[in-house]
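> Got a structure here, written out as structure tokens. Questions coming.
Where a number appears in this text, it was derived from the coordinates with a stated rule and is not lab data. Since we're looking at a predicted model, the values are computed, not measured. Virtual Cβ from ideal backbone geometry, glycine too; neighbours counted across all protein chains shown.
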């Protein structure tokens, strides 16, 4: 009866014993609790195996859908390829795009109104950034939508070749699946970027400048939706370009393999004298040459369509990285700092991804001639006479034409300004983390002949000229040595009366103050010399909360802690505080 119950499913069977474990060994465990624990461990291991198997099946199902599945699915909601009004998704797509454009237009009007009225708050810079980046996302989407027909043709060309040719070849399908998984990871990374930027830029809606309670209440829901839609428009364009570049790179890679194996059927030189060999060879080389021409035509059309987009993408990534870097410096603690780091990393990956794909495409286009070299075509296309002479000459001419075309370097430009490559992206990345040269600090007095009298000098901070920057580079060792002294409140400019009483009214700059720190400037006078000191803002005791205008914080002159100055005697100097005038 027990066996019948097990067979009918009324009593669930226990999981089978693992390999190497017998029933006698299980009985030898003793108590029922120990045996139940063994069965529980067996069931748990089988559950983990089933979860892994399920994950593998889902991953394989995703990769089997094809390389263009992400582009096709996003096109139903935020794309520009299909505009069939008979489908419901088309009307939803139109509504979402109109909402995003309307919100961005309203944000631009709000910032323009605030600029005219002069209404600025502490979040004005962040609001301006949100407005500009949102407008850039829409402009980038439009820059690709203008060439919708050409891009649709390229997508259809790649989709037809992948479904009809490459999926039936096991090595090609395996490589195509790996590229598809990479594109999925790249897509998920960009989706995560939306979450990072929404959390980084929360409470920074440009519509807050209207100061309307009803609008602020509605904006709590509208602002995240609008930011998400504009970000998805940006991601859709990124995925289109990445998919097309990676697809064309694979096509040239496989074409190079076909050129390399075009003479693989020839086992000996004697085969070259048969008529059937020449018929098959001419047909195969002709197909490879035609495919090479079609691929070059697709690339030529694509690079002309991507000129403006790649330039805008470079500017957008540069802006995102620079802004995220500024936010990292401003908010050095909390979740805002973490979101800034993640946002900067995702923007860097986006920019480097485009540069890497363009470099790979250039390499594969140029590698066609090396594949032809590897085919040893000169051994099989020897000069012949008779009726095969013209045919041999045509085949040699076709191969030489392909090699000549491969010699020309493929140039994918960003608006005919830069060549899109990893080198360009790395240079932009370095520039985004660079800073302008430190400012020139001068200590000026209107009457230098009265140096013995206590006078308040004028501290002038201005951008350094090219000659001053060159002089700093020549004296880099001295400047670096003096910069370490600045942290100990050393002098940065000195005015001293000489014997001839013809002192220059400007003090000489002893060292350049480094960026990334807050510095307060104070001056001291002792007999016939006036010295300008730079002190870290952590030593300032007269700081008060005040609005910032043009990077200068205005504070009242008050008491100052002089415990950090050890190189001069405080009792011999008369101090007048300028730290309220210049803090940067």
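> For segment 392-425 and segment 74-97, what is the separation of their Cα centres, given in Å?
37
> With a/c under 1.5 counting as rounded, go ahead and sort segment 179-244 into rounded, prolate or oblate using the C-alpha gyration tensor (a ≥ b ≥ c being the square roots of the eigenvalues; past the cut-off, prolate if a/b is larger than b/c, else oblate).
It is prolate, given that a/c is not under 1.5 and a/b is the larger ratio.
> Please work out whether segment 127-214 counts as rounded, prolate or oblate from its C-alpha gyration tensor, where a ≥ b ≥ c are the square roots of the eigenvalues and a/c under 1.5 means rounded, while otherwise a/b larger than b/c means prolate and anything else oblate?
Here segment 127-214 falls in the oblate category.
> Separation of segment 297-341 and segment 191-215 by C-alpha centroid, Å?
Value for the Cα centre distance between the two parts: 19 Å.
> Suppose each label sits 7 Å from its Cα in the direction of the beta carbon; what would the residue 294-residue 149 distance come out to in nanometres?
2.1
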